[in-house]
Amino acid sequence: MTTSKTQPRTSTAVVLAVALIAMLVMPRALGSETGSETHDSSVSAELTYSAQERRRICEEVWRKVGLWYSYFDDKGIDWESVKPRYLDLVAGSRTDREFFACIASLLRELRDGHSYVYEYPKPVPGTGSRGTPRMRAVEADGKPIVAQVASGSDAEAKGVTAGLEIVSVDGQPAEERIRSLIPLVTASTLWYARSTAVAAILNGDLDEAVQVEFRRPDGTVFGVSLTREPSERRSEAISAQVLSEGIGLLRLPSFSASNLGLKSGDALVREFDDALEQLRATKAIIIDMRGNGGGDDAVAGRCAGRFFKSAVAFPSLQMRMVTLGVPWFAPRMGRSVSPRGLWQYTGPVVLLVDEFVVSSAEHFAAGMHDSGRATTIGHTTAGSSGNPVPLEVSGFKFQVSRWREYRADGSLIEGHGVPADVVIGPTVADLANGVDRVLAAAIEYLGHVASR
């Protein structure tokens with residue numbers, strides 16, 4: 001297999017997923033992230049909601065979720081049985097923090113990446129500012145491995161390099177820590193939850209250094225104390241590159257204009273068109289969607305329109321509606337993509353996908369894949385499609401999925417994702433040597449296609 005050197009990137013989708021863990025940390029009484037407890041007992045012990053208020057809020061959140069959520073039957077969730085359990089939990093809450101954690105946990109019962117509490121009535125007691133060392137961890141060969149270390153970072157200064165295995169964090173074995181984080185992840189699939197937990201393995205309070213043990217390739221282990229810094233959301237850009245093999249590489253990090261530092265979906269589409277223009281003469285195109293956290297289905301569809309000569313069906317949807325307090329489903333509605341632009345690219349297309357391809361990005365991937373227009377290489381996508389509706393109860397702002405999105409074969413994207421035709425991921429050696437095995441597999445695949 002041809003190898004391709006690449007600079008690992010931390011996607012917006014990964015940063016957001018990891019940030020949600022910090023927002024939704026639960027107290028130890030309910031199963032918490034290690035190191036998340038406050039040292040200010042006077043703050044964490046405060047309880048300002050009466051038992052009656054806690055019960056009312058919990059019941060109303062439960063009721064609104066029951067009205068709007070779209071996947072109860074598909075996931076086999078008995079929502080009626082959830083209510084008494086959480087009424088008992090909120091009744092037993094000893095602090096505001098425990099009460100807030102109960103409401104967050106209630107939403108996690110949905111096992112849905114689009115359904116969560118995103119704002120509380122006041123700052124969550126007992127949780128300070130959160131951060132992580134300036135490095136990125138991924139899973140390779142079944143172990144948490146350093147994939148990238150930021151230049152000029154504390155980690156770099158202390159000898160941390162790509163390819164090192166994370167053995168323990170604050171004395172806790174790495175695998176044990178990952179498993180403790182998984183229940184805190186807002187996720188529709190186990191593979192997305194685990195990958196997010198790996199990415200968040202060094203998360204914690206900003207005012208506390210994290211003690212990490214690493215294993216070198218020769219088996220020796222060393223420990224360092226690393227400074228945590230605030231998580232950064234850096235705007236990425238759509239870009240184009242012609243590889244030496246005459247294959248075009250188009251990086252498509254998001255379908256959200258704001259995540260790309262753009263003012264509108266129209267601006268995003270123009271950037272996509274400009275990038276595609278640079279690849280017009282290539283014999284094939286690889287679209288690198290890894291880490292694309294979605295954004296706008298309409299924008300995704302407009303981008304897809306550059307690859308079709310005639311209209312083609314894309315994932316259909318069915319909306320959950322509420323009329324006079326009664327929920328019902330509208331008829332299933334088909335969607336299609338039509339040719340767009342002065343010309344359409346007709347050569348072979350490969351999509352590089354991973355478990356951080358989410359939402360509108362899955363809409364794009366499913367449509368391109370299921371129509372036969374593109375081959376997918378990498379890892380099954382996140383399996384998270386929701387078109388969430390925002391709701392509020394007494395200052396608790398939350399959202400829940402309100403549609404079902406179907407692929408061409410009638411299967412749901414939610415809970416399943418879009419599979420990779422060619423399943424491949426990085427090895428420890430790849431990470432240590434800066435090799436992008438997924439990109440290399442795509443180049444090799446297109447070489448075989450050209451030789452047929």
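The values are calculated or read from the model by the stated rules, or taken from the named source; none is laboratory data. Keep in mind that what you see is a predicted model, and the values were worked out from it rather than measured. Positions of Cβ are backbone-derived with ideal geometry, glycine not excepted, and every protein chain shown enters the neighbour counts.
Output yes when any residue across region 149-160 is part of a strand (DSSP E or B) and under 30 Å from Gln52 (Cβ atoms), and no when none is. Write out each step before concluding.
Here is the first cut: in region 149-160, the residues part of a strand (DSSP E or B) are 149.
Checking the rest, the ones that are also under 30 Å from Gln52 (Cβ atoms) come to none.
Checked region 149-160: no residue is part of a strand (DSSP E or B) and under 30 Å from Gln52 (Cβ atoms).
Might you check whether a residue that is buried (at least 20 other Cβ atoms within 10 Å of the Cβ), modelled with pLDDT of 95 or more, under 27 Å from Val269 (Cβ atoms) and in contact with a Phe, Trp or Tyr (Cβ under 8 Å, 6 or more places away or on another chain) occurs anywhere in region 329-343?
Step one: list which residues in region 329-343 are buried (at least 20 other Cβ atoms within 10 Å of the Cβ), which gives 337.
Still in the list and also modelled with pLDDT of 95 or more: 337.
Filter once more, keeping what is under 27 Å from Val269 (Cβ atoms): 337.
In the following step, the residues that additionally are in contact with a Phe, Trp or Tyr (Cβ under 8 Å, 6 or more places away or on another chain) were identified as 337.
Within region 329-343, one or more residues are buried (at least 20 other Cβ atoms within 10 Å of the Cβ), modelled with pLDDT of 95 or more, under 27 Å from Val269 (Cβ atoms) and in contact with a Phe, Trp or Tyr (Cβ under 8 Å, 6 or more places away or on another chain).
Determine whether region 231-251 contains at least one residue that is under 30 Å from Pro173 (Cβ atoms), assigned to a loop (DSSP other than H, G, I, E, B) and not aliphatic (A, V, I, L, M). Give the derivation first.
Kept after step one, since they are under 30 Å from Pro173 (Cβ atoms), are these residues of region 231-251: 231-232.
From what is left, the residues that are assigned to a loop (DSSP other than H, G, I, E, B) are 231-232.
Imposing the further condition that a residue be not aliphatic (A, V, I, L, M) reduces the set to 231-232.
Yes, region 231-251 contains at least one residue that is under 30 Å from Pro173 (Cβ atoms), assigned to a loop (DSSP other than H, G, I, E, B) and not aliphatic (A, V, I, L, M).
Screening Gly410 with (1) touching a strand residue (DSSP E or B) at 6+ places or on another chain (Cβ under 7 Å); (2) surrounded by fewer than 17 Cβ atoms within 10 Å (Cβ to Cβ); (3) in a loop (DSSP other than H, G, I, E, B) gives one miss only, at (1).
Does any residue in region 163-179 that is under 12 Å from Val212 (Cβ atoms) come within less than 7 Å, Cβ to Cβ, of a residue that is in a helix (DSSP H, G or I) and at pLDDT 95 or above six or more places away or on a different chain, and which pairs are these? Sorted first by the residue in region 163-179, then by its partner, the pairs are Ile166/Ala174; Val167/Ala174; Ser168/Ala174; Val169/Arg177. If the condition is being surrounded by 15 or more Cβ atoms within 10 Å (Cβ to Cβ) and either at positive phi or hydroxyl-bearing (Ser, Thr, Tyr) (or both), then region 205-257 contributes Thr227, Ser231, Ser239, Ser254, Ser256.
Does at least one position in region 75-86 carry a residue that is surrounded by fewer than 17 Cβ atoms within 10 Å (Cβ to Cβ), among the aromatic types (Phe, Trp, Tyr) and assigned to a helix (DSSP H, G or I)? Within region 75-86 (the criterion being surrounded by fewer than 17 Cβ atoms within 10 Å (Cβ to Cβ), among the aromatic types (Phe, Trp, Tyr) and assigned to a helix (DSSP H, G or I)), the answer is yes, since at least one residue qualifies.
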